[in-house]
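What follows is one structure encoded as C-alpha cells, with my remarks underneath.
The values are calculated or read from the model by the stated rules, or taken from the named source; none is laboratory data. From a predicted model like this one, the values you see are computed outputs, not experimental measurements. Here the Cβ positions follow ideal geometry from the backbone for every residue, glycine too, while neighbour counts run over all protein chains shown. All accessible areas refer to the heavy atoms of the entire protein, side chains included, with ligands and DNA or RNA removed. Shrake-Rupley method; radii C 1.70, N 1.55, O 1.52, S 1.80 Å.
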Amino acid sequence: MPIEVRPVGTGEFFPWHAVYTGYGEFYETPLHDEKAVLVWSWIIDPSNELECLVAVEPGDDGGEIVGLAHFREFARPLEGNRGIYLDDLFVLPEKRTSGVGRALIEGVYAVGRERGIAVVTWITAKDNDTARKLYDQVAEKTKWVTYEKAL
C-alpha cells in the first residue's frame, strides 16, 4: 500500500496528537495536553524551527496518519554548513516493518537535499532494536557519545 509523506497540515492537530501520544507512551513519557499544545504551536508557527512530516496511509476519508517525523535545521560551525536534526520518529506499532519509517526518513532526506543541507543526524535508545535495524540500513552509526545535563 503506497504511503504518502508530506508536511502535517494546520488542521491535523488531533490525528497528529494521536500518533504523538503513542510516541510518548513508547518512551514512557506521558504527553500531557499542555505539552502537546505547546509542541503543536511550534510546528504550525513558520518562525519556529520545528517541522513535522507525516506518513499518511490512503483511505476513503482522505487517509490516516500512521507515522511522524519532527525535525529542525541546525548550524554546523566547524563544517561551515547546516544540518537537520531528526528529533522524533514514530510509526504506529501495527504499521512497523511496512516501510513507513523508511519513507519518513527518506522524506527528511528529501527536505535536506532540497535545502542544500549537508547531513541529517539523530539519536535513538540503545535498546531500540527494531528501529536500529532500519537505521543501520539508511545511515551510518557515528563514533559520538551523547551527554546531557538537566537544568
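If I filter segment 21-33 down to residues being among the aromatic types (Phe, Trp, Tyr) and under 24 Å from residue 73 (Cα atoms), which single residue comes out as least open to solvent (accessible area, probe 1.4 Å)?
23
Could you tell me how many of the residues in segment 86-110 are closer than 13 Å to residue 54 by Cβ and free of Cβ contacts under 8 Å to residues at least 60 places away in the same chain?
Selection size over segment 86-110: 5.
Just the residues that are in contact with an Asp or Glu (Cβ under 9 Å, 6 or more places away or on another chain) and either part of a helix (DSSP H, G or I) or over 26 Å from residue 75 (Cβ atoms) (or both), please, taken from segment 121-143.
Answer for segment 121-143, where residues must be in contact with an Asp or Glu (Cβ under 9 Å, 6 or more places away or on another chain) and either part of a helix (DSSP H, G or I) or over 26 Å from residue 75 (Cβ atoms) (or both): just 138.
Within the set of pairs 6+ apart or on separate chains, which have a first residue in segment 130-149 that is hydrophobic (A, V, I, L, M, F, W, C), a second that is assigned to a helix (DSSP H, G or I), and C-beta atoms under 8 Å apart?
131/101; 134/101; 134/102; 134/105; 138/102; 138/105; 138/106; 139/105
Looking for whichever is in a helix (DSSP H, G or I) and open to solvent by 50 Å² or more (accessible area, probe 1.4 Å) here; the options are 103, 75, 18. Which one fits?
Sole residue among the options that is in a helix (DSSP H, G or I) and open to solvent by 50 Å² or more (accessible area, probe 1.4 Å): 18.
Taking the conditions exactly as written (open to solvent by 40 Å² or more (accessible area, probe 1.4 Å) and in contact (Cβ under 8 Å) with a residue 60 or more places away in the chain), does residue 7 satisfy them or not?
no
Suppose the filter is in a helix (DSSP H, G or I), crowded, with 16+ Cβ neighbours inside 10 Å and among the aliphatic types (A, V, I, L, M); does residue 36 pass it?
Yes, satisfied.
Considering every residue within segment 82-95, establish whether at least one is within 21 Å of residue 2 (Cβ to Cβ) and open to solvent by less than 20 Å² (accessible area, probe 1.4 Å).
yes
Hey, could you check segment 44-71 for residues that are among the acidic types (Asp, Glu) and not in a strand (DSSP E or B) and say which is least open to solvent (accessible area, probe 1.4 Å)?
45
When residue 110 is evaluated against the numbered criteria (1) open to solvent by 70 Å² or more (accessible area, probe 1.4 Å); (2) under 21 Å from residue 138 (Cα atoms), which criterion, by number, is the only one it fails?
If we test residue 110 against (1) open to solvent by 70 Å² or more (accessible area, probe 1.4 Å); (2) under 21 Å from residue 138 (Cα atoms), just (1) comes out false.
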